[in-house]
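Peer 1: Below you'll find the structure I mean.
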Amino acid sequence: MNKVIKQDENNKDEEFVRTEEQWLKALRQTIERVIPIPYYQEHFHAIGITQVEDIKTIQDFERLPLTTKEDLRKNYPFGLFAEPMDNIVRLHASSGTTGKPTVVGYTRNDIRLWAKIVAKGLERAGVTRKDVVQIAYGYGLFTGGMGLHYGCEELGAVVVPISGGNTARQLMLMRDFGTTVLACTPSYALYLAESLEESGISREELKLKIGVFGAEPWTEGMREQIEARLGIKAFDIYGLSETMGPGVALECPAHRGLHIDDHFYPEVLDPEGKPLPVGEQGELVITSLDKEGFPVLRYRTKDLTTLHYGTCSCGQVGWTMERVSARVDDMLIIRGVNVFPSQVEEAILSLGWFEPHYLLVVYRTGNLDQLEVQVEVNETSFFDEVRELESRQEQLKQRIEEVLGISVRIRLVEPKSIPRSEGKAIRVRDERKLGRG
Ligand code: DLL
C-alpha cells in the first residue's frame with residue numbers, strides 16, 4: 001500500500017491525525033464490532049479469520065470481504081446492526097432504484113458523532129454560529145436534511161429546516177430570514193437561481209454567501225454557473241446513508257478536493273476489487289471507524305474518485321478525495337463505449353451558450369444504440385437566427401463527440417422544457433430498458 005501516514009502528536013483531539021498503527025487500531029475496533037454478526041462471521045470464517053487478532057497489518061485488512069448494497073438488502077432490515085434495537089434511536093433509509101431500501105440505524109452516540117463531523121466540515125468551509133442556514137435537502141428517511149440540520153445546530157448556527165421544494169417560498173424566506181448559507185443539491189441550487197431571476201427579488205436583497213451542495217455528481221462548470229448566478233462560494237459535500245449520511249467529506253476554501261473526515265477509512269479499488277495506490281481513480285470503498293449502530297466494513301460506494309493524502313493549504317492533514325465524477329451505476333455503455341453524464345455536462349457548459357439543463361436519452365434503432373442529448377436553449381438564443389442556432393448545435397455535437405468518441409444526436413429544446421429537480425436530478429432516460437426502440 002502506497003500511503004504516507006504522518007504523525008503529529010501535538011494535534012488537538014479534533015484534528016487528530018492517525019498513524020498507520022492508529023488506523024489499524026481503529027479498523028480493528030470496527031472488525032470487533034461486526035464479528036459477532038452472523039453474516040460477517042460466515043464471511044470471515046470462509047477466509048480463515050475467526051478473531052480480530054488475525055488482522056495484524058493493513059494488508060491483512062485488505063483481505064477482508066467487501067460489503068455491497070446487495071449484502072445490505074439481503075440482511076434487510078436490521079440484520080447488519082451491531083447494537084440491539086434498544087440502543088438504536090434513529091433509522092434512515094436510502095430508496096435505491098430497485099428492490100428493498102437499505103436501512104441504517106444510529107445509536108445516540110452515532111447521532112452526536114454525526115453532528116460533530118458535519119459541524120467540523122462546515123466550519124472548515126467557513127460557516128459559523130452567526131450564519132443562517134437554509135436546509136433545502138429533503139427531510140425524512142433521506143439523510144440530507146437531518147444530517148445537515150444536526151450539524152448546523154451543533155455549530156450553533158440558525159437552522160431554517162425548510163426541506164426541498166416550494167421554490168417561491170424558499171426565495172421569500174431566504175430574503176426575509178437573511179439566509180447566509182444554502183444547503184441543497186446543486187441541481188436544486190441552479191433551479192433556485194433560475195427562479196430568483198424571475199421572482200422580482202433581486203440578489204442584492206439576499207445575504208447569501210455560501211452554498212453547501214452535494215448528494216449528486218456535479219462539475220466545475222456547474223459550480224461556476226451556480227456561484228455566478230447566486231453570488232456565493234459553493235462547497236462540495238459528500239456522503240451516503242450507508243456510511244452515515246452527508247459529511248463523510250467536505251471541501252475547504254482551497255477547493256483542492258474534499259477532506260475525508262478521520263472517522264472513515266477510505267480505499268480506492270479497481271474494477272476487480274484490488275486496492276489502487278493513492279492518486280489513481282477507482283471505486284471508493286469506506287470503512288466506518290467509530291460508528292456503533294451500523295458499522296460498515298469495506299463498503300463499496302460505487303462512486304468513482306481519486307484519493308490523496310497530505311497537508312492542505314488550509315492546514316488540514318489527512319485524506320482528500322477528488323470530486324466524485326460519477327457513479328459506476330450511472331455509466332451508460334453505448335456501442336461499447338462508456339459514457340458518463342458528467343462528461344456531457346462538462347462539454348455543454350464549456351461552450352457557454354446553453355443552459356445547464358440537459359437529458360441523455362438512449363434508444364435503439366435496429367441493433368444499434370443511439371444517444372440523443374437534449375439541451376435547453378435560453379430565452380435569448382431562442383429568438384436568435386436559425387442559422388446561428390444551427391451552428392451552435394453543430395459545435396456542441398462536435399465537442400461532445402470529441403469527448404465521448406461516439407456520434408450523438410443533439411436536440412435543442414425550448415427554454416424550461418427539461419424538468420427541474422428539487423432533489424437529485426435525473427440526467428438519463430434509457431429507453432432500451434423500457435423495451436422501446
Ligand atoms: O446523498 C447523502 C448526502 C446528502 C450527501 C446531502 C451530501 C449532501 P444517499 O441518498 O445514500 O445519501 O446517496 C449517496 O449520492 O453514493 C453518491 O453517488 C451521491 N453523492 C453524494 N454526495 C455526492 C457528491 C446522500 N458531493 C450517493 N458528489 C453517493 C457526487 C454524490 N455524488
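Peer 1: So, ILE410, is that one part of a strand (DSSP E or B) and over 26 Å from the mean Cα position of the chain (by Cα) or not?
Peer 2: yes
Peer 1: Does segment 143-163 hold any residues that are assigned to a helix (DSSP H, G or I) and over 21 Å from the mean Cα position of the chain (by Cα), and which are they?
Peer 2: GLU153, GLU154, LEU155
Peer 1: Looking at segment 218-239, can you tell me whether even one residue there is charged (D, E, K, R), farther than 17 Å from PRO356 by Cα and without any contact (Cβ under 8 Å) to a residue 60 or more places away in the chain?
Peer 2: No, that holds for no residue.
Peer 1: Here's another thing I want to ask about it. Say whether the condition of being touching a Leu at 6+ places or on another chain (Cβ under 7 Å), under 25 Å from PRO253 (Cα atoms) and either surrounded by 21 or more Cβ atoms within 10 Å (Cβ to Cβ) or not assigned by TED's automatic domain parsing to the domain that holds CYS312 (or both) is met by at least one residue in segment 139-150.
Peer 2: No, because not a single residue in segment 139-150 is touching a Leu at 6+ places or on another chain (Cβ under 7 Å), under 25 Å from PRO253 (Cα atoms) and either surrounded by 21 or more Cβ atoms within 10 Å (Cβ to Cβ) or not assigned by TED's automatic domain parsing to the domain that holds CYS312 (or both).
Peer 1: Applying the selection to segment 1-38, what residues are over 20 Å from ASP60 (Cβ atoms) and either at pLDDT 95 or above or in contact with a His (Cβ under 8 Å, 6 or more places away or on another chain) (or both)?
Peer 2: Of everything in segment 1-38, just one residue is over 20 Å from ASP60 (Cβ atoms) and either at pLDDT 95 or above or in contact with a His (Cβ under 8 Å, 6 or more places away or on another chain) (or both), namely PRO38.
Peer 1: I've got another one for you. Here are some residues: ALA115, ALA82, ALA26. Which one is assigned by TED's automatic domain parsing to the domain that holds GLY318 and either small (Gly, Ala, Ser) or crowded, with 20+ Cβ neighbours inside 10 Å (or both)?
Peer 2: Just a single option satisfies the conditions, and that option is ALA115.
Peer 1: In segment 164-179, which residues are assigned to a helix (DSSP H, G or I) and touching a residue at least 12 places away in the same chain (Cβ under 8 Å)?
Peer 2: Matches in segment 164-179: THR167, ALA168, GLN170, LEU171, MET172, LEU173, MET174, ARG175.
Peer 1: Please work out if ALA136 is away from the ligand (no atom under 12 Å from the Cβ) and among the hydrophobic types (A, V, I, L, M, F, W, C).
Peer 2: no
Peer 1: Only one of GLY310, GLY315, GLY279, GLY336 is among the small types (Gly, Ala, Ser), assigned by TED's automatic domain parsing to the domain that holds LYS416 and surrounded by fewer than 20 Cβ atoms within 10 Å (Cβ to Cβ). Can you tell me which?
Peer 2: The match here is GLY336.
Peer 1: Give segment 102-126 a look and list any residue that's touching a strand residue (DSSP E or B) at 6+ places or on another chain (Cβ under 6 Å) and within 15 Å of the ligand (Cβ to nearest atom), or say none.
Peer 2: Hits for segment 102-126 are THR102, VAL103, VAL104, GLY105, TYR106, ILE117, VAL118, GLY121, ALA125.
Peer 1: Let me ask you something else. Considering only segment 118-142, how many residues are over 14 Å from GLY214 (Cβ atoms) and small (Gly, Ala, Ser)?
Peer 2: Residues that pass the stated criteria total 3.
Peer 1: Given the residues PHE294, PHE340, which is the only one that is in contact (Cβ under 8 Å) with a residue 12 or more places away in the chain, under 23 Å from LEU24 (Cβ atoms) and within 16 Å of the ligand (Cβ to nearest atom)?
Peer 2: PHE294
Peer 1: Which of the residues that make up segment 86-101 are within 14 Å of the ligand (Cβ to nearest atom) and at pLDDT 95 or above?
Peer 2: LEU91, HIS92, ALA93
Peer 1: Could you check, for segment 154-163, whether at least one of its residues is within 16 Å of the ligand (Cβ to nearest atom), in contact (Cβ under 8 Å) with a residue 60 or more places away in the chain and out of contact with any Phe, Trp or Tyr (no Cβ under 7 Å at 6 or more places or on another chain)?
Peer 2: no
The values are calculated or read from the model by the stated rules, or taken from the named source; none is laboratory data. Computed from a predicted model, the values in this text were never measured in an experiment. Methodologically, a virtual Cβ is constructed for each residue, glycine included, from the backbone with ideal geometry; neighbour enumeration extends over all protein chains shown.
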